[in-house]
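The values are calculated or read from the model by the stated rules, or taken from the named source; none is laboratory data. Since the model is a prediction, treat every value here as computed from it, not as a measurement. Positions of Cβ are backbone-derived with ideal geometry, glycine not excepted, and every protein chain shown enters the neighbour counts.
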Amino acid sequence: MNRRHLPSLTAMQCFEASARHLSFTRAADELNLTQSAVSKQVAQLESVLEHPLFLRVRKRLRITPEGSLYLTEVRKILAQVEMSTRYMQSYGGQSEVLNITTLPTFGARWLIPRLKGFRFRHPDIYLNISNRVEPFDLEEQNVDMAFFFGHGAWPKAECIKLLDEEVVVVCSPSTLPAEGIEDPLALTRLVLLQSATRPEAWHDWFAAQGLYTEHSYHGPRFDTYSMTLRAARAGCGVALVPRFLAEEELAAGQLVIPWPYSLTSRDAYYLAYPEHKAELAKVKGFVTWVLEHLDRPAAEQPACSMSK
């Protein structure tokens, strides 16, 4: 669709308000417009979409199936516009936004504890952090920094290795049988919790010990390690996870390692940023901060200080 033919935000606002009130008149009152102006905006929107959004029945509105479908998308767009506007309004004139993506559990358990104090050293850098699991283009998505797990290569980007990954088996103490675990294959008598992003994990773990089992791929599958760890804590089965992500539960005794074998992954965790952004102050500042805090466990991170 030609951009000149895309609907305006005003048209979307008129449609959303009309759908919420099922009335052009009430929508007009809310938006400080005339009833005819709202009706005209919705009609123009219907023309662009080539679908009716409302049925006019006895001077009352009834949203169509196409209208309901479009309403869901319009509300997302309007919410994003409002959030982005308020986000920018909160910044000073010299402030910069650093858009960062991270793997969900890595971000929550490794990255966030290491951000403590960053705001006070860099008061003019505002961090905008989101989760990404699937591959994407840094440029197209306007991402400044990306934490990822892989071989250490990203098109047109600089990559810095952060840490290797040691994978261990964990479970709730209540999951263990009274007689204990006599060999790795005994774990197959329990439920093997699967990771959607690492479908070969159990197979590789057994294979590294010269073992094979047809149960390697059997068991409930979870999108994130956070969900897998929570399932293990709840006694749903045994999980194969990076040790550093389970440190908190292992230290608290909420999880235990039923079999001591650990497997070092071929890949590692990296920080990537576009090559042409390497000299940006906000990028250099964040890279320096991450490297300074790289080897410190979360529990040892310094307290926040108002000094820069």
Open item on the list: Out of the residues in the range 180-194 meeting the condition of being β-branched (Val, Ile, Thr) and part of a loop (DSSP other than H, G, I, E, B), tell me which one is nearest to Phe222 (Cα to Cα).
Closed with: Val191
Open item on the list: Being in a loop (DSSP other than H, G, I, E, B) and over 17 Å from Gly107 (Cβ atoms) is the filter here; which residues of the range 139-169 pass it?
Closed with: Glu139, Glu140, Asn142, His151, Gly152, Ala153, Trp154, Pro155, Lys156
TODO: Give the residues of the range 48-89 that are in contact (Cβ under 8 Å) with a residue 12 or more places away in the chain and of a type in the set (Asp, Glu), sorted by residue number.
DONE: Glu66
Task: Tabulated pairs, the range 133-144, first in contact (Cβ under 8 Å) with a residue 40 or more places away in the chain, second of a type in the set (Gly, Ala, Ser), C-beta under 7 angstrom, 6+ apart or interchain - done: Leu138/Ala146; Leu138/Ala157
- [ ] Kindly indicate the residue of the range 211-263 that is free of Cβ contacts under 8 Å to residues at least 40 places away in the same chain, aliphatic (A, V, I, L, M) and not in a loop (DSSP other than H, G, I, E, B) and also surrounded by the most Cβ atoms within 10 Å (Cβ to Cβ) among those meeting that condition.
- [x] Ala231
- [ ] Confirm whether Tyr126 is crowded, with 16+ Cβ neighbours inside 10 Å and hydroxyl-bearing (Ser, Thr, Tyr).
- [x] yes
Open item on the list: Quick check on Ala79: is it hydrophobic (A, V, I, L, M, F, W, C), surrounded by 14 or more Cβ atoms within 10 Å (Cβ to Cβ) and part of a helix (DSSP H, G or I)?
Closed with: no
Task: Which listed residue is outside the structural domain of Ala281 (by TED's automatic domain parsing), polar (S, T, N, Q), surrounded by fewer than 13 Cβ atoms within 10 Å (Cβ to Cβ) and under 35 Å from the mean Cα position of the chain (by Cα), from Ser84, Ser47, Ser18 - done: Ser84
- [ ] Give the range 127-149 a look and list any residue that's modelled with pLDDT of 85 or more and among the acidic types (Asp, Glu), or say none.
- [x] Asp144
- [ ] For residues that are farther than 15 Å from Asn99 by Cβ and acidic (Asp, Glu), tally how many sit in the range 134-179.
- [x] 6
Open item on the list: I'd like to verify a number: residues in the range 145-198 that are hydroxyl-bearing (Ser, Thr, Tyr), within 18 Å of Pro260 (Cα to Cα) and either assigned by TED's automatic domain parsing to the domain that holds Leu111 or touching a residue at least 40 places away in the same chain (Cβ under 8 Å) (or both), how many?
Closed with: 3
